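Visitor: Before we start, here is the structure in question, set down as structure tokens.
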Amino acid sequence: MKEIEKLLQAHGQQHLISVLEGLDKEQQNKLIAQIKSIDWNTVELWKNPEDLSGKGRVQPIDGLSLMDIEARKEEFRKIGVQAIQDGKVGAVLLAGGQGTRLGSDAPKGAYNIGLTRELYIFEQLICNLLEVCKQCNAFVPLFVMTSDKNDGDTRKFLEEHGFFGYPREFVRFFVQEMAPSVDFDGKLLLEDKAQLVLSPNGNGGWYSSIAKAGVLDDFLKLEWLNVFAVDNVLQRIADPVFVGATVGSGLNCGAKVVRKNNPYEKVGVLCLEDNMPSVIEYYELTDEMANQMGADGNLAYSFGVILNYLFSLSKLRETVGKRIPIHVVKKKIPHLDGTGALVKPETENGYKFETLILDMVRVMESCLPFEVVREREFAPIKNKTGVDSVESARALLQQNGVKL
Ligand code: UTP
């Protein structure tokens, strides 16, 4: 107990000492284990967040436009199909998020988007992947990232639905790590008397989590991982043309992108920063950059990322230990107040700590932007209605011939 008190004092968390004193032995041990596993370097970033605004020299990046791809489609497809048949390509589904905007307690992938039949988000994604498997006559290992919050429910849901026809032996699960939350004074928050507020640590931690879980070792031929978000129901997964273009390019990763539909569209754009690939947020572009035109008549900064990347596994292995930025994000965080009552704040009351996959592009050191047709490959579900919603995704699915 003395040792833990010292640790808490050293990090300005004295408020937890009296909390610990009020717990029984079993509860104490539970909370102590959580406290001991805290990465204090991360938590203390609330005082001095990393300066993520300081960009290097930003320039447009060259990529493959729709026209370039069309002209070399068969060449790319051949390389991609071969890589898939050789067992070199795996798919990583990022499903550890909390989907707070959608507002369902179940995992986001278990959301039913059907109208006259049941059609779950997971089902549509697996259906998209199965099309590729059929074309290639080979299965792609599918790795599903969950979090402590939804791991059990996700596994149960997929088991109950027979993995929507995907062979079980090609599916692996792994759980992402969690990070604590603090209030605006840096005090660790509790969600129950012996439980810190812990939440998934952002989608940038996927590689260290998959590597730690050891599941990649079940497929020794893997050389490329196609990482994708759970919420884009139109996306092509392990798309042979994209795989072939990236593998054939000799670069360390590829990113599917859509052309921005106006200079100020709120989407991260792929560019070069000090000659390294980088994604910059829409609010980081100056007016001049947002409107700058390229020689091809398109906006110079027009490659909007859609969270569908192909990473070289050997390059990923080299990145282990290289830190990517930790974003300190203000959020509304339910927690216990001083009297032990649960408070659900209406406004932001503290910080969460997250890493983002878009920051991984930079550590990969080279990246191929690969343009896709927005109306055919981008239907993200973030909200129930309005922009990027169940409604807008349904309309796009129907436009693409999917019966709902
Ligand atoms: P979002 O940034 O849309 O977050 O995730 P979210 O948690 O799903 O939704 P909101 O913001 O709470 O409404 C983009 C992708 O990254 C995954 C999500 O599951 C989604 O596929 N993700 C996000 C993780 O896997 N882990 C995380 O910690 C965060």
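Visitor: Output the residues belonging to the stretch 12-55 that are more than 25 Å from PRO325 (Cβ to Cβ), part of a loop (DSSP other than H, G, I, E, B) and free of Cβ contacts under 8 Å to residues at least 12 places away in the same chain.
Guide: GLN14, ASP24
Visitor: Here's something else I'd like to know. Identify all residues within the stretch 366-390 that are within 16 Å of the ligand (Cβ to nearest atom) and assigned to a helix (DSSP H, G or I); write none if there are none.
Guide: Once the filter is applied, which keeps residues that are within 16 Å of the ligand (Cβ to nearest atom) and assigned to a helix (DSSP H, G or I), the stretch 366-390 yields GLU377, VAL390.
Visitor: Of all residues in the stretch 176-197 being under 23 Å from the mean Cα position of the chain (by Cα) and either of a type outside the set (A, V, I, L, M) or buried (at least 20 other Cβ atoms within 10 Å of the Cβ) (or both), which is farthest from the ligand (Cβ to nearest atom)?
Guide: VAL182
Visitor: Give the residues of the stretch 211-228 that are surrounded by fewer than 22 Cβ atoms within 10 Å (Cβ to Cβ) and within 12 Å of the ligand (Cβ to nearest atom), sorted by residue number.
Guide: Residues satisfying the conditions do not exist here.
Visitor: Something else: Within the bounds of the stretch 13-30, is there any residue that is hydroxyl-bearing (Ser, Thr, Tyr), within 25 Å of the chain's Cα centre (by Cα) and loosely packed, with under 15 Cβ neighbours inside 10 Å?
Guide: no
Visitor: Can you find, within the stretch 83-107, the residue that is farthest from ASN383 (Cα to Cα) among those that are surrounded by fewer than 15 Cβ atoms within 10 Å (Cβ to Cβ) and more than 16 Å from the ligand (Cβ to nearest atom)?
Guide: ASP86
Visitor: Here's another thing I want to ask about it. Kindly check whether there is at least one residue in the stretch 62-82 that is exposed (fewer than 14 other Cβ atoms within 10 Å of the Cβ) and either within 16 Å of the ligand (Cβ to nearest atom) or part of a loop (DSSP other than H, G, I, E, B) (or both).
Guide: yes
Visitor: When both residues are 6+ apart or on different chains and their Cβ atoms are under 8 Å apart, which pairs have a first residue that lies in the stretch 388-404 and is farther than 13 Å from TYR120 by Cα, and a second that is assigned to a helix (DSSP H, G or I)?
Guide: Once the first residue is farther than 13 Å from TYR120 by Cα and sits in the stretch 388-404, its partners that are assigned to a helix (DSSP H, G or I) give LEU396/GLU375; GLN399/GLU375; ASN400/GLU375; ASN400/ARG376.
Visitor: Give the residues of the stretch 108-147 that are under 22 Å from the mean Cα position of the chain (by Cα), surrounded by fewer than 18 Cβ atoms within 10 Å (Cβ to Cβ) and either within 16 Å of TYR166 (Cα to Cα) or at pLDDT below 95 (or both), sorted by residue number.
Guide: Residues satisfying the conditions are CYS127, LEU130.
Visitor: Let me ask something additional. Please pick out the residue among VAL329, VAL279, VAL343 that is touching a residue at least 40 places away in the same chain (Cβ under 8 Å) and β-branched (Val, Ile, Thr).
Guide: VAL279
The values are calculated or read from the model by the stated rules, or taken from the named source; none is laboratory data. These numbers were taken from a predicted model, which means no experiment stands behind them. Please note: Cβ atoms are built from the backbone with ideal geometry, for glycine as well, and neighbour counts cover all protein chains shown.
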